[in-house]
Amino acid sequence: MIKLNAYAKINLFLDIVSRRYDGFHDIVSYMQTVSLCDEVSLEKADAITVIGNPAVPQEKDLTYKAAKLFFEQTGIDGGVVITLQKRIPMQGGLAGGSADAAAVLRGLNELYETELDDNALRRMALTLGSDVPFCVSGGSMLAYGRGERLTDAPPMPDCGIVIVAGRHGCSTPAQFAALDSRYDDFYAYRPHSDRLDRLGDAAEQGDIRGVSAELFNIFEETDGYDAEVAHRIKQTSALGVLMSGSGSSIFGLYENENEAELAASKLRDDGYNAVVCKPIGI
Ligand code: C5P
């Protein structure tokens with residue numbers, strides 16, 4: 001049996017470059033792994049079984065699909081019992097489901113000693129979803145294309161992070177569609193690319209205030225953005241506040257974990273579901 005941590009991600013920057021003919025969008029994003037994680041246990045078995053996510057029928061669970069894909073593509077006549085302990089809010093723009101699926105691919109690679117490298121696992125991962133390749137490797141990366149073209153980015157400076165789960169989950173396709181109806185040409189409306197450069201420079205210099213000043217997410221223009229939650233986080237000692245992914249979770253960045261803990265406890269007192277974490281490299 002093996003146990004893996006499946007880490008959530010936040011987007012420090014997320015913009016859409018263009019709408020593609022295959023229904024997807026080309027994006028540019030600065031993605032960062034954080035210490036908030038699900039726990040995924042894998043045990044060899046004759047068939048694929050998923051325990052711990054009653055919200056979704058087993059065959060629809062992304063971890064089930066990941067295991068099925070792994071056995072199909074490697075030609076192994078195997079099975080696995082996948083036990084999930086979920087902590088990452090669902091439909092929150094934190095890649096919870098994608099992180100679990102990536103952990104299954106990495107774990108099966110170990111359990112069945114298939115020795116696939118990161119590139120092979122990432123190729124497999126893209127069939128499961130646009131965020132899954134990032135989750136296979138994790139750390140700090142710039143993502144292009146659908147999100148699968150990944151290059152190393154400077155690590156996010158040490159800080160405390162408070163993530164407040166959205167009060168309503170967001171459907172990713174619906175959020176992309178909402179922006180499609182707003183923009184006829186994403187590229188023409190992109191005043192933000194120099195922001196990403198400044199963000200990278202600030203990260204390089206270990207300057208969390210500089211990073212916080214350049215946060216950007218185009219999905220904040222959709223109705224998945226809960227301005228009230230963002231406003232409440234801004235009233236704490238947050239250096240910067242942003243929605244993650246296509247929503248609906250919103251995170252605040254703090255000088256250190258102590259500041260983040262203080263802010264989270266105030267937010268919890270007000271009834272918000274707030275968790276504290278920090279950036280991690282993998
Ligand atoms: O790849 P994933 O399954 O996460 O995508 C879900 C949906 O989100 C896609 O069907 C598409 O509508 C939208 N999407 C997109 N462009 C991306 C990623 C997702 O349009 N880069």
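Readers should treat all values here as calculations from the given coordinates under stated rules, not as data from a laboratory. Everything numeric in this text was worked out from a predicted model, so none of it was measured. Cβ atoms come from the backbone with ideal geometry, glycine included; neighbour counts cover every protein chain shown.
Worth a mention:
- Counting beta carbons within 10 Å around each of THR63, THR172 and listing the fewest first gives the order THR172, THR63.
- Around the Cα centre of segment 14-84, unit charges on the Cβ atoms of Lys, Arg, Asp and Glu (plus for the first two, minus for the last two) sum to a dipole of about 180 debye.
- Antiparallel DSSP beta bridges within segment 46-158, as percent of all bridges there, nearest 5: 50
- ARG20 sits among other residues whose Cβ lies under 14 Å from its own Cβ, and their net charge, with Lys and Arg +1 and Asp and Glu -1, is -2.
- The alpha carbons of segment 77-228 give a radius of gyration and a Dmax of 17.6, 52 Å, in that order.
- With both labels modelled 7 Å from their Cα along Cα-to-Cβ, the HIS168 to LYS278 distance reads 3.6 nm.
- As a proxy for reagent exposure, ranking HIS192, HIS168 by other Cβ atoms within 10 Å from fewest up yields HIS168, HIS192.
- Computed log10 I(q)/I(0) for segment 32-103 at 0.14, 0.16, 0.26, 0.27 Å⁻¹: -0.42, -0.54, -1.24, -1.31, from the Debye equation with unit scatterers placed on every C-alpha and solvent omitted.
- Contact order relative to length of the chain, as percent, for alpha carbon pairs under 8 angstrom and 6 or more apart: 23
- Across every pair of non-identical alpha carbons in segment 1-121, the mean reciprocal distance, once inverted, gives a Kirkwood radius of 15.4 Å.
- Centre separation in Å (Cα based) which lies between segment 200-253 and segment 71-130: 29
- Once the mean of 1/r is taken over each pair of separate Cα atoms and inverted, the chain shows a Kirkwood hydrodynamic radius of 19.1 Å.
- In segment 1-124, Cα pairs under 8 Å separated by at least six residues give a relative contact order of 29 percent.
- Candidate lysines for bridging to LYS3, where Cα separation is under 16 Å - those fewer than 8 sequence places away on the same chain excluded: LYS44, LYS86
- Distance between modelled label sites at SER193 and GLU115, nm, 7 Å Cα→Cβ extension: 4.3
- Computed Kirkwood radius, in angstrom, where 1/r is averaged over Cα pairs of segment 90-161: 12.9
- Viscosity 0.890 mPa s, 25 °C: Kirkwood-radius Stokes-Einstein D of segment 185-275 over Cα pairs, µm²/s: 173
- Mean separation of Cα pairs under 8 Å and 6 or more residues apart, divided by the residue count, gives segment 203-282 a relative contact order of 23 percent.
- Here nothing in the chain passes the span test, since no DSSP H helix has an alpha carbon length of 30 Å or more along the helix axis and a Kyte-Doolittle mean of 1.0 or above.
- Neighbour counting of Cβ atoms within 10 Å sorts the residues ARG87, ARG195, fewest neighbours leading, into ARG87, ARG195.
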